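Working notes, beginning with the structure itself.
The values are calculated or read from the model by the stated rules, or taken from the named source; none is laboratory data. The structure displayed is predicted, hence computed values, not measured ones. Note: areas computed on protein heavy atoms with side chains; ligands, DNA, RNA excluded. Shrake-Rupley method; radii C 1.70, N 1.55, O 1.52, S 1.80 Å.
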Amino acid sequence: ACVRACVRACVRVCTRVGDWMVANRKNKENLQITGWDLYNYPRELDRQKVSKEWDLSAANGPDYKICSSYPQLLYFPHSCEDMIIAGSAKFRSKGRLPCLVWVHRNKNFMLRCAQPLIGASGKSSIEDESLIQKALRTSPNKQMIIFDARSVLAAGGNKIMGKGTEDVSRYADCKLVHLNIPNIHHVRESLEQLRVVCHSSANSKWLSSLENTQWLFYISLILKVTVRVRVCVHKSNSSSAAWGYSKQSLQVMHPWCHCSSSCMW
């Protein structure tokens, strides 16, 4: 009964937060006040004391010409020309090229990006490879781990749709790690099943119904890989590039990332 009450309380909180976000999307004027201004990307990187090895670029411009889901200003490695930035964006799904989101005190860093558009023919991008190599030069250990949130099978299946995962033979000093997390659609479906179970008045086999949603399994898996990325940046000899669940990884990097004015992107 105690477990049931706790889970129901958590679901109620998530539901209210979700309703608040939907309401703010409909109210554009309110969204400009409570949403867009909450997270300031340059200010957040300044707080992390980003070094002069990284440059603040306006390549995305006021019209978001490179990536519509990225901020107008982005940090890239020093001497990373606009041609390299544009070429890398063309090689990444929805233009989400590798860009800086976290600088650790040991000079390790985190980049976020979307999957490369390799496809079944095995396409490559000199610009994308150059961007990663320039980022590696800022790392004290000159090594990088690329975290792919999907399984090997899922990543391989995306090649049929013109996407895929990095060919690390073309990215020197990089290691590819698959995290085997289900895609967002499975996780969202699991959450919906959890809501149904929590709002159900049935008392028999409630814990079995909870387990069948797989919500606790998904959350535990996401937390485990999040900690893995965090340990990589904090303790290991490698910097990292992550996509899929990079926000969750950021939220365990520092207590500051638990508040609303950071890690909103």
Can you list residues from other chains, or at least 5 along the same chain, whose modelled amide H is less than 5 Å from the amide H of K175? M144, I145, I146
Kindly write out, for the stretch 182-197 in residue order, the coupling ³J(HN,Hα) from the Karplus curve 6.51 cos²θ - 1.76 cosθ + 1.60 (θ = phi - 60°), rounded to whole Hz, with x marking Gly and Pro. x, 6, 4, 5, 5, 5, 5, 4, 4, 5, 5, 5, 5, 4, 4, 5
In the structure displayed, which of K134/K235; K52/K94; K163/K235; K65/K107; K94/K123; K90/K134 lie more than 25 Å apart, Cα to Cα? K52/K94; K163/K235; K65/K107
Hey, could you grab the Kirkwood Rh for the stretch 87-158? Inverse mean 1/r over distinct alpha carbon pairs, Å, one decimal. 13.3 Å
Going from most exposed to least, what order do Y64, Y41 have by accessible area with a 1.4 Å probe? Y64, Y41
Using θ = phi - 60° and the Karplus relation 6.51 cos²θ - 1.76 cosθ + 1.60, list the HN-Hα couplings for the stretch 98-108 in order, rounded to whole Hz, with x at every Gly or Pro. x, 9, 6, 10, 8, 10, 8, 5, 8, 6, 5
Order the following by accessible area, largest value first: W206, W215. Probe radius 1.4 Å; ligands, DNA and RNA are ignored. W215, W206
Kindly state, as a whole number, the per residue volume in cubic angstrom of the convex hull around the alpha carbon atoms of the stretch 38-137. 99 Å³
Solvent-accessible ranking of E166, E127, largest area first, probe 1.4 Å: E127, E166
Roughly how many Å² of K224 are accessible to a 1.4 Å probe, to the nearest 10? 140 Å²
Reciprocal mean inverse distance between Cα atoms of the stretch 148-216 - Kirkwood radius, Å: 14.7 Å
Show the residues, 5+ positions off or on another chain, whose built amide H is closer than 5 Å to the amide H of N180. R150, S151
